[in-house]
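*Asks:* Sharing a structure, written as structure tokens. Questions coming.
The values are calculated or read from the model by the stated rules, or taken from the named source; none is laboratory data. Because the structure is predicted, anything quoted here is derived from the model rather than measured. Here the Cβ positions follow ideal geometry from the backbone for every residue, glycine too, while neighbour counts run over all protein chains shown.
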Amino acid sequence: MSKGMWSACIALGLLCWTLIEYLLHRFLLHYQTQRPAIRHVIENLHLGHHRDPAHEAKITIPVYASLPIAFALLALFRVMTGGWEASAILTTGTIVGYLYYEAVHFSIHCGSKRGRLIGWQRANHGFHHFKDQARCFGVTTPLWDWVFGTGQEGMA
């Protein structure tokens, strides 16, 4: 695979992560259900974080939840690309995006208060936490909130 194609796969994997981040946060982690077992899983994965956003153990996604997603993505990318090399590189880009998300999310809640980008990400994520949990699902980027109309009012 050429360096250009390799770089494109990494970039596409990063972009894929931002969509996965948005979709998981919006549709899975805020899923409303009365089923106790499902509610318990969602509570452990995310809703407890909303009640106690500075609790360090509730900020990151547990490995038992993230590893199956990584393997599912590898399989999906394998089907989409028809080859292991491209699918592995796409998955690598997606995992890099995920690790960036974890670092940003932790920094928003417990880390450095300096820097324009992290300040903006903190303000946007704070809007989701403290003003409207039905908006601003993107932590690392507002791209998909903008695309799907779930950003802060007036965001265009």
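*Asks:* Out of curiosity, is W6 at pLDDT 95 or above and closer than 20 Å to Y100 by Cα?
*Replies:* So W6 does not fit the description; no.
*Asks:* All but one of (1) buried (at least 16 other Cβ atoms within 10 Å of the Cβ); (2) at pLDDT 95 or above hold for I42; which doesn't?
*Replies:* Single failed check for I42: (2).
*Asks:* Moving to a separate point now. So how many residues does region 73-84 have that are at pLDDT below 95 and within 13 Å of I10 (Cα to Cα)?
*Replies:* 0
*Asks:* Additional query: Take the conditions over 19 Å from the mean Cα position of the chain (by Cα) and either within 18 Å of Y22 (Cα to Cα) or in contact (Cβ under 8 Å) with a residue 60 or more places away in the chain (or both) and apply them to E153. Does it pass?
*Replies:* yes
*Asks:* On to the next question. For region 79-103, name all the residues that are aromatic (F, W, Y) and under 25 Å from R122 (Cβ atoms).
*Replies:* Y98, Y100, Y101, listed by residue number.
*Asks:* Condition test on S66, is it in a helix (DSSP H, G or I) and touching a Ser or Thr at 6+ places or on another chain (Cβ under 8 Å)? Let's see the steps before the verdict.
*Replies:* Details: in a helix (DSSP H, G or I): yes; touching a Ser or Thr at 6+ places or on another chain (Cβ under 8 Å): no.
In short, no.
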